[in-house]
Amino acid sequence: MPRIITGVGQRNVLSAASTREYKYEYPNKLDLKPNSKIHNKLVDCIINLINSSIDNLDVNRKRYKNQDNVLTSYIYQDDEEKRIKSKDSRKPTSIVFPYSYAILDSLLTYMSMAFLRDPICRYEHVSGKDYLGAVLLEAVISQQTRRSRTALALHTIMKNAFSYGVGYGVVGWETITGKRSTVTEPRARLANLAADTPDRQRSSVTIYEGNKLYPLNPYLTFSDPNVSATDVQSGEFFGWLENTNFLALKNEELNNDSMFNVEYAKHLTNTVSQFMVDEAVQANDGRNDVINTTSSLTRPIDVLKVIVKFIPSEWEVFNSDEVETWLFRIAGDSLLIGAEKLDLDHGKIPVVATAPEYDGRSASPVSKLETLYGLQSVGDWLYNSHITNVRKSLNNMLIVDPSMVNMNDLRDPAPGKMIRTRKPAWGRGVDGAIKQLKIDDITRQNIGDAGFIQSAMELAAGTDGSMMGSLRNSGPERLTKGEFQGTRTSAISRLERIALIISLQLMHDLSDMFATNTQQFMSNNTYIKITEGLEQDLIKQGFEVENKRLKVKFQDLLIPYDVKLKDGSIPGGNFSDGWMDLYKLVVENEALSSRLDIFKLFKFIAYNFGAKNVDEFELKPQVMPDQQVENMAQRGDIVPFNPTIPGAENAI
């Protein structure tokens, strides 16, 4: 349930702050002091936009909760199961059979292989003269993705997309400053010192600058309901809610000129947003995995961030009839603490999205796992009903004549018990005193039926047993090589389709925004590691290469570029052993070997076998003086290399 702000109204929340005056310079010289007319106008308009998205989001949150339930093996116990566990903690109770989780794990494993290998973003030049610029741009952004751990953010976004239907991320530019110690020139010391000692000096430096991808919580994301989930750029707004604290906001305000009014946040009587929901801050099993937002030991604040396209004159903010894109920050649903006009070179809302089951029109598409929810529920019921029946049959269910048996002896749970008969039954035998109630196990076929459900889920998700690390272990005959390869190839083809959609939606926009941001905001020189083959080309173009490292300036990256999309395939995905036969044919056939690059063909085969560093095994040509080469040729120590000449491949 959402946390509803009660007691104090929106305007009264800031009443305590109105008695204090803090000096701030506001953007465009607007009067954005709390409770001012423009301040309240902006807050009202932004909150109304979020409310327009809430009706659609409330329905989604119920669906999201269902998915959370099937992605964990934990189920809340009812009173009966609590009683059973209290008596014997070893007895099983109801669980969620974790097959949806296994399918999700298989999907994420494939997508990680397809997209998270370095380099994550690929680029190519538009004109021939920009070839080196495109190579440097790709190398710089590759270094940024490693430093900012972009792969982790992408993994989270794709997990949200498969679980909830759509995954969102915000693209930003991050600058981290700090101190760095350097050695200065030695100063003259006292006369009794044998030598001067160098001094240590600490100075402020930029430790890192580069792109940063921030994954968003689906429960706290507010998109324009009038456009499809992945068409963020066509919407009029996009918002998300962050749970932060006063000290973090204060530190951000010191380094961000677009933030203000943070000091007033100390006087807010309620800093919890009405849009915050319990599911957003709890783990799947109900455990609270974040700090208590009502704690008096910290100062947590919910901040609503909204990117809005609007005409300022229509909002009566300032006189401008052009469509502008702004980022607003609102603390506690009532205090405006940030306003910034986004002047980005790419001209887009800096948000990326992906929806693998996208249909081009739905604002809340169905997720891959949601299509399996019905099958998952049936499988859980089959399994749990069988466990309940087994637990019942293991307990003694007896019909007893209390006039013939000592009931206290019968209730004794210890094994090897001795049950005494009562005095009236002495000498009459024990027939008819105790009888076991017959129980038929009508659920014994449930486990087999659950296996059928699992097969149906694999079929629907496109993740067969080989993709999940298991093989068929039943059937009239053993698993053949042809059956295994055919089934795996079909499964991989279905996953490649999903990966290609993610590449077109998520990776294209991400790569484009990363490149444009780097061209716009990069201010410091950076050093990148270059390969052997590229070094000579860079030296010819006047670049200074030292120890395989190259200093890149921002002007080196200002080139037109194209994003090179990944096709969704993975190393060894649809690879066939037939390539080995083709390689042998090319090597042995003079006509083919003279027209094909044998080494590139070998690299392709090795890459699909899983090799990542084939270039490290390549023999590098040695450069020797002309006279030395002539002398060695006369002695027969070297011969001209020509792979079409028999025996030339063994030339030194």
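The values are calculated or read from the model by the stated rules, or taken from the named source; none is laboratory data. From a predicted model like this one, the values you see are computed outputs, not experimental measurements. Don't worry about glycine lacking a Cβ; one is built from the backbone with ideal geometry, like all the others, and counts go over all protein chains shown. These area figures cover heavy atoms from the full protein model, side chains too; ligands, DNA and RNA do not enter into them. Shrake-Rupley method; radii C 1.70, N 1.55, O 1.52, S 1.80 Å.
Counting only protein chain heavy atoms and rolling a 1.4 Å probe, the accessible areas of ILE442, ILE176 rank, largest first, as ILE442, ILE176.
Straight-distance candidates among the lysines for linking to LYS392, with alpha-carbon spacing under 19 Å and chain neighbours fewer than 8 residues away dropped: LYS82, LYS85, LYS87, LYS91, LYS435, LYS438. When GLU252, GLU458 are compared by accessible surface with a 1.4 Å probe, the order from highest to lowest is GLU252, GLU458. Backbone phi angles across the stretch 58-69, fed through the Karplus curve with coefficients 6.51, -1.76 and 1.60 (θ = phi - 60°), yield HN-Hα couplings of 4, 5, 5, 4, 5, 5, 4, 5, 4, 5, 4, 5 Hz in residue order; Gly and Pro are listed as x.
Across the stretch 167-180, coupling constants 3J(HN,Hα) worked out from phi with the 6.51/-1.76/1.60 Karplus curve, θ = phi - 60°, read x, 10, x, 9, 9, x, 10, 10, 10, 10, 10, x, 10, 9 Hz, and Gly and Pro carry x.
Per-residue Karplus couplings for the stretch 398-404, computed as 6.51 cos²θ - 1.76 cosθ + 1.60 with θ equal to phi - 60°, are listed in order as 10, 9, 10, 8, x, 7, 10 Hz, Gly and Pro entered as x. Taking every alpha-carbon pair within the stretch 15-124, the share separated by more than 22 Å comes to 70 percent.
Each label point was placed 7 Å from the Cα along the Cα-to-Cβ direction; for LYS129 and ASP105 their separation is 5.5 nm.
Taking amide hydrogens as placed 1.01 Å from N in the peptide plane, the amide H of MET404 sits under 5 Å from that of no residue at least 5 positions away in sequence or on another chain. For SER258, the accessible surface of its heavy atoms amounts to roughly 10 Å² (probe 1.4 Å, protein chains only, rounded to the nearest 10).
Note on exposure: TRP173, TRP240 ranked by accessible area (1.4 Å probe, complete protein assembly) read TRP173, TRP240, with the most exposed listed first. Taking each of LYS62/LYS159; LYS250/LYS309; LYS23/LYS250; LYS266/LYS348 in turn, the alpha-carbon distance tops 23 angstrom for LYS250/LYS309; LYS266/LYS348.
Gyration tensor analysis over the Cα atoms of the stretch 21-78 returns equivalent ellipsoid semi-axes of 43, 15, 9 Å (largest first, whole Å). Using a simple spin-label model with pseudo-atoms 7 Å out from Cα toward Cβ, THR93 and LYS65 lie 2.0 nm apart. Taking amide hydrogens as placed 1.01 Å from N in the peptide plane, the amide H of ILE301 sits under 5 Å from those of THR244, ASN245, PHE246, each at least 5 positions away in sequence or on another chain. The gain in end-to-end length when the VAL227 to LYS392 segment is fully stretched comes to 54.1 nm, 0.36 nm per residue minus the alpha carbon separation.
Shown for the stretch 339-448 is the translational diffusion coefficient from the Stokes-Einstein equation, using the Kirkwood radius over Cα pairs, a temperature of 20 °C and a viscosity of 1.002 mPa s: 102 µm²/s. A 1.4 Å probe, protein heavy atoms only, puts the accessible area of THR72 near 30 Å². Look at the dipole of the stretch 307-398 built from charges on Cβ: of PHE318, ILE307, GLY332, the Cα furthest out on the positive end belongs to GLY332. Annotation: amide H-H contacts under 5 Å for THR354 (H modelled 1.01 Å from N, sequence separation of 5 or more, or interchain): GLY167.
Ignoring ligands, DNA and RNA, please state the percent of accessible area on the stretch 414-459 from carbon and sulfur, probe 1.4 Å. About 56 percent, which is the carbon plus sulfur part of the accessible surface. For the stretch 304-399, the list of GluC sites (Glu not before Pro) that fall in a loop by DSSP and count at most 15 other C-beta atoms within 10 angstrom reads GLU314, GLU316, GLU322. The trypsin sites (Lys or Arg not before Pro) of the stretch 105-179 that DSSP puts in a loop, and whose beta carbon has at most 16 other beta carbons within 10 Å, are ARG117, ARG122, ARG149.
Solvent exposure of TYR164, expressed as accessible area, is near 30 Å², computed with a probe of 1.4 Å over the protein chains only.
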